[in-house]
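*Asks:* The structure under discussion is supplied below as structure tokens; questions concerning it will follow.
Only the coordinates and a few stated rules stand behind these numbers; no lab work does. Remember, it's a predicted structure, so these values are computed and weren't measured experimentally. A quick note on method: Cβ atoms are made from the backbone with ideal geometry, for glycine too, and the neighbour counts reach across all protein chains shown.
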Ligand SMILES: *Cc1c(COP(=O)(O)O)cnc(C)c1O
């Protein structure tokens with residue numbers, strides 16, 4: 001099928017639940033992706049920070065192929081070899097002890113919310129139920145996670161929402177100080193807000209929040225669904241801050257492109273969950289875990305995290321250089337290969353212009369261009385991106 005035919009069928013048979021771009025990718029390799037008409041693009045969207053090893057990395061493809069021939073699915077009533085190996089690998093690299101596996105970021109956060117609530121109930125009795133999150137955060141699309149998400153646009157129309165959530169401005173420690181109380185069950189934050197505009201938490205803020213959690217018997221949950229698995233130039237973003245929270249959630253890049261999520265916790269908190277408390281039919285299935293094992297091992301040992309740090313720093317400098325040329329650029333920010341340019345104009349025109357020139361980027365909050373290339377991106381890929389970006393941004397002067 002060509003692009004036109006795919007779009008026609010999609011418009012006829014798919015729910016219009018996202019504003020789709022008229023592009024139909026059919027094949028990918030490394031940082032490149034091709035549409036149904038054969039046009040090539042440099043992919044700096046990476047399936048929204050999913051394809052951290054690029055498209056169809058041979059280690060991930062091989063692991064999926066070998067596992068698919070052996071065992072695709074079996075129930076979590078049994079022990080699953082790739083699942084226990086993945087749990088061990090994540091424990092060894094995150095400072096957490098135990099894992100629960102699911103299929104997405106929203107499910108990982110949903111599990112974290114359930115664990116935190118039950119933990120508070122068992123340890124402190126009823127009433128300690130409030131979960132504090134940040135404005136501009138993003139935690140997923142289930143009812144509980146849109147409620148955790150501090151952006152009204154994701155909540156409107158879906159009321160009644162679950163209770164027990166409140167919001168504070170991000171990076172504002174005194175606001176957090178006023179919000180946290182003995183009724184606080186947990187604080188959930190992204191170390192770098194991705195969907196909310198690439199906002200990096202300060203060390204002062206996160207350390208202060210951790211202290212407040214301590215003092216009030218509240219758990220600290222880091223949503224590293226977007227920032228985790230090497231994206232920011234460390235395996236976890238919280239490692240930039242030398243911080244270990246009580247619960248960490250992961251998804252996006254975890255499976256090297258295959259759907260999988262994880263909720264990790266310290267053992268004294270994880271032990272809150274007793275048999276029957278939480279489960280997922282597909283969560284942690286053999287195929288997803290084999291893909292994730294291959295992806296995480298490659299990211300850890302293949303120099304991928306170091307590459308993300310090096311190319312991220314290089315690209316950041318290049319973007320800052322570019323920003324100086326345009327009055328309409330407000331700020332360049334980010335960490336590792338999660339980078340953003342805040343504009344004083346809408347970003348849509350630049351995104352479209354780049355796409356025409358064979359570069360995929362996206363825009364969050366209407367005015368923040370976001371760059372989330374594969375962590376394996378080369379210097380030439382970055383230079384090519386900067387070249388295209390400059391050419392397109394010149395048109396908006
Ligand atoms: C993408 C994202 C989620 C939701 O993940 P899904 O897999 O889409 O459910 C949650 N938190 C953060 C920080 C994310 O970036």
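*Asks:* Angle, helix 3-13 long axis vs. longest principal axis of the chain, Cα atoms, 0 to 90°, nearest 10?
*Replies:* Here the helix axis deviates by roughly 40 degrees.
*Asks:* Now for a separate question. Could you tell me the relative contact order of the range 1-100? Use alpha-carbon pairs under 8 Å, at least six residues apart, and round to a whole percent. Walk me through the numbers before you get to the answer.
*Replies:* Working: 69 pairs, mean separation 15.8, N = 100.
About 16 percent, as a whole number.
*Asks:* Stick to the Cα atoms of the range 219-272, pair each with every other, and give me the Kirkwood hydrodynamic radius in Å at one decimal.
*Replies:* 11.5 Å
*Asks:* Related question: Quick one: 332, 225, fewest Cβ neighbours within 10 Å first, how do they rank?
*Replies:* On the way: 332 22, 225 29.
Ranking 332, 225 by Cβ neighbours within 10 Å, fewest first, gives 332, 225.
*Asks:* Roughly what angle does helix 81-94 make with the longest principal axis of the chain, taking Cα atoms, 0 to 90 degrees, to the nearest 10?
*Replies:* Result, in degrees: 90.
*Asks:* Remind me, what semi-axes does the range 302-344 give for its equivalent ellipsoid, largest first in whole Å, using sqrt of 5 times each Cα gyration tensor eigenvalue?
*Replies:* On the way: eigenvalues 112, 18, 4 Å².
Ellipsoid half-lengths, sorted descending, are 24, 9, 5 Å.
*Asks:* Expressed as a whole number of Å, what is the distance separating the alpha-carbon centroids of the range 204-239 and the range 254-331?
*Replies:* Computed from Cα coordinates, the inter-centre distance equals 14 Å.
*Asks:* Another question, then. For every helix of n ≥ 4 consecutive DSSP H residues, a contribution of -39,500 (n - 2.57) applies; sum these over the chain, divide by its total residues, and give [θ] at 222 nm rounded to the nearest 500 deg cm²/dmol. Show your work: numbers first, answer last.
*Replies:* Working: 14 runs with 158 residues, N = 397.
Taken over the chain, the calculation gives -12000 deg cm²/dmol.
*Asks:* Now, a different point. Report the extension gain between residue 142 and residue 177 in nm, rounded to one decimal, defined as 0.36 nm multiplied by the number of residues separating them, less their alpha carbon distance. Walk me through the numbers before you get to the answer.
*Replies:* Working: separation 35, 0.36 × 35 = 12.60 nm, distance 2.82 nm.
Computed gain between residue 142 and residue 177 is 9.8 nm.
*Asks:* Taking the simple approach of a point 7 Å from Cα along Cα-to-Cβ for both residue 344 and residue 282, what is their distance in nm?
*Replies:* Taking the two extended label points, one gets 4.6 nm.
*Asks:* Relative to the longest principal axis of the C-alpha atoms of the chain, give the angle of the C-alpha long axis of helix 58-70, reported between 0 and 90° and rounded to the nearest 10°.
*Replies:* 60 degrees
*Asks:* Rank 168, 61, 301 by mean-square fluctuation in a GNM of the chain with C-alpha springs under 10 angstrom and give only the top-ranked residue.
*Replies:* Checking each option, the largest mean-square fluctuation is seen for 301.
*Asks:* Have a look at the DSSP beta bridges in the chain and tell me what percent are antiparallel, nearest 5. Show your work: numbers first, answer last.
*Replies:* Details: 32 of 49 bridges.
Roughly 65 percent of the DSSP beta bridges within the chain come out antiparallel.
*Asks:* Then there is this: Between residue 166 and residue 71, how high is the FRET efficiency from 1/(1 + (r/R0)^6) when r is the Cβ-Cβ distance and R₀ = 41 Å? Nearest 0.05.
*Replies:* On the way: r = 44 Å, r/R0 = 1.08.
Computed FRET efficiency for residue 166 and residue 71 comes out at 0.40.
*Asks:* According to a simple spin-label model (label point 7 Å from Cα along Cα-to-Cβ), what is the distance in nm between residue 15 and residue 244?
*Replies:* A separation of 4.1 nm, rounded to one decimal place.
*Asks:* Return the single residue from 13, 204, 154 with maximal mean-square fluctuation; model: Gaussian network over the chain, springs between Cα atoms under 10 Å.
*Replies:* Highest fluctuation of the listed residues: 13.
*Asks:* Pairwise over distinct Cα atoms, reciprocal of the mean inverse distance: report the Kirkwood radius of the range 1-67 in Å, one decimal place. Provide the component values of the computation, followed by the final result.
*Replies:* Details: mean 1/r = 0.0744 Å⁻¹.
Taking the inverse mean of 1/r over all distinct Cα pairs, the range 1-67 comes out at 13.4 Å.
*Asks:* Let me ask you something else. With 10 Å bins from zero, work out the P(r) of the chain over every alpha carbon pair and list the percent per bin.
*Replies:* Final binned percentages: 5, 22, 32, 27, 12, 2, 0.
*Asks:* For residue 267 and residue 92 in the same chain, what is the full-extension length gain: residue separation times 0.36 nm, less their Cα-Cα distance, in nm? Intermediate values should be presented prior to the final figure.
*Replies:* Details: separation 175, 0.36 × 175 = 63.00 nm, distance 1.34 nm.
Once the chain is fully extended between residue 267 and residue 92, it gains 61.7 nm.
*Asks:* Relative contact order (percent) for the range 278-397, with alpha-carbon contacts under 8 angstrom and 6 or more residues of separation?
*Replies:* Details: 132 pairs, mean separation 28.0, N = 120.
Taking the mean separation of contacting Cα pairs over the length of the range 278-397, I get 23 percent.
*Asks:* I've got another one for you. Please order 200, 84 by the number of other Cβ within 10 Å, starting at the fewest.
*Replies:* Working: 200 21, 84 13.
Going from least to most buried by this count: 84, 200.
*Asks:* Between 270, 24, 49, which gets the highest mean-square fluctuation from a Gaussian network model of the chain, Cα cutoff 10 Å?
*Replies:* 24
*Asks:* Tell me the Kirkwood hydrodynamic radius of the range 289-397 in angstroms, computed as one over the mean inverse distance between distinct C-alpha pairs. Don't jump to the answer; show the numbers that get you there.
*Replies:* Numbers: mean 1/r = 0.0688 Å⁻¹.
Answer for the range 289-397: a Kirkwood hydrodynamic radius of 14.5 Å.
*Asks:* Also, I was wondering about something else. What ranking of 59, 342, 391, 92 emerges when the number of other C-beta atoms within 10 Å of each C-beta is taken as an exposure proxy, fewest first?
*Replies:* Working: 59 17, 342 20, 391 13, 92 10.
Exposure proxy ranking, most exposed first: 92, 391, 59, 342.
*Asks:* Compute the orientation-averaged projected area for the range 108-188 from the convex hull of its Cα atoms and round it to one decimal in nm². Before the final figure, lay out each step's value.
*Replies:* Numbers: hull surface 20.7 nm².
Quarter of the Cα hull surface area: 5.2 nm².
*Asks:* Right, next: What fraction, in whole percent, of alpha-carbon pairs in the range 1-135 exceed 23 Å separation? All intermediate terms of the calculation are to be shown ahead of the outcome.
*Replies:* Working: 5482 of 9045 pairs.
For the range 1-135, the fraction of Cα-Cα distances above 23 Å is 61 percent.
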